[in-house]
1. For the chain, set up a Gaussian network in which alpha carbons nearer than 10 Å are linked by springs, and say which option among 294, 260, 98 fluctuates the most.
2. Counting DSSP beta bridges in the chain, what percent are antiparallel, to the nearest 5?
3. Determine the percent antiparallel among the DSSP beta bridges restricted to segment 1-142, to the nearest 5.
4. I need the calculated FRET efficiency for the pair residue 65 and residue 256, taking r as the beta carbon distance and R₀ as 35 Å, to the nearest 0.05.
5. Quick check for you: with a 1.4 Å probe and neighbouring chains kept, what is the accessible area per residue of segment 259-303, in Å²?
6. Tell me, rounded to the nearest percent, the portion of alpha carbon pairs in segment 166-260 spaced more than 21 Å apart.
7. What nm value, rounded to one decimal, do you get for the distance between residue 98 and residue 234 when each label is placed 7 Å out toward the C-beta?
8. Given a 1.4 Å probe and every protein chain left where it sits, what share in percent of the accessible area of the chain is carbon and sulfur?
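The values are calculated or read from the model by the stated rules, or taken from the named source; none is laboratory data. The model shown is predicted, which means the values in this text are computed figures rather than measured ones. Cβ placement follows ideal geometry from the backbone for every residue including glycine, while neighbour counts extend to all protein chains displayed. To get the accessible areas, we keep the full protein, side chains included, count just its heavy atoms, and leave off ligands, DNA and RNA. Shrake-Rupley method; radii C 1.70, N 1.55, O 1.52, S 1.80 Å.
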Amino acid sequence: MFELEEEKLLRKLTKIGPRLILIQLPEGLKKEGFTLAQLIEGRTNIDVAVSADPCYGGCDVAIDEALLLGAELVVHYGHTPFLSKTEIPVIYMRAKSRVNVAKIVRKSIPTLSPYNVIGLVATAQNASKLKEVKRILEDAGKIVRIGKKSGLAKMDGQILGCDYSTARSIVKSVDAFLFVGGGDFHPLGLAMRTRKKVVVADPYRNRIIDMESLARIALNQRWMAIEEARKAKRFGIIIALKLGQKKISDANKIREKLKRSGRNSVLLAAREVIPESLLNFQDIEAFVITACPRIAIDDSQRFLKPVLNQEEFSIMIGERPWEDYTEKW
Ligand code: SF4
């Protein structure tokens, strides 16, 4: 279903010539780990270790783990480059989807019928197919826009769960967005940020989804979490131990603001923010996560105490109004 581009990877590895490498694969691609390792070890003198840890984004490159292992290079599948500087080289392989999207895009046309101007977005797996999607929708009489790559996006129309810059660049000129790809994670964030109609054309499950009600539920949950956190006096501020998510100075600033508002806090450090682990901090009434901003949103049902991301914290503390949750695009 996804292109691993093995020959391209072998060429790059042979050129660099590391002795041991660590390969990271997102959950859906871990099943390819065995074959990939066998291929590399069979065709080169390179030893391979495949990371069995979860890997959620390009922010989550396992440099520390590779160094601990003695690996000289990390191969990171599923995401486009995120970190600008690393201690050892990283080869990013985006794992382009092989799935045909034409059929599902045609199926989305009736749902898009009330909207004339459509913005197209996708993750790294399908972003290169957006030109084909554009042609299909134009043939159906739509005006179609694809935002130029910007922010963390390396491809036109690409969105990340924490960076919607490409969508932001066209939001004022579109009536609705069409996300081409699987899962709710990326389109949910887009619908929450824009409050525009976001339609998902999912070629993997052959389904069309309107994100409106999910986004409304998620926004209500975020509002409630912010209001609950406002009542708390004792906070835990979570610092991520992942290279692309580590924001120690942000955590210290949050701590200072809490102090000024008469609240106490403690810094917590975690590689993974696991709801069950937070339960053990019984004295803490609310948490602020300086790591991936989506943890607070997407795991909200699993947290028994209010957990905010940085932006939500700034609303809670009164720096920004709730209306800012949907960015001023
Ligand atoms: S910070 Fe979160 S949303 Fe952004 S790339 Fe990392 S895992 Fe994805």
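1. Largest GNM mean-square fluctuation: 260.
2. Numbers: 6 of 46 bridges.
Here the share of antiparallel DSSP bridges comes out near 15 percent.
3. Values: 1 of 13 bridges.
Just about 10 percent of them are antiparallel.
4. Calculated transfer efficiency: 0.65.
5. For segment 259-303, the solvent-accessible area averages 54 Å² per residue.
6. Values: 2450 of 4465 pairs.
Taking all Cα-Cα pairs of segment 166-260, the fraction more than 21 Å apart is 55 percent.
7. 5.5 nm
8. Numbers: 8150 of 15850 Å².
Of the solvent-accessible surface of the chain, carbon and sulfur hold 51 percent.
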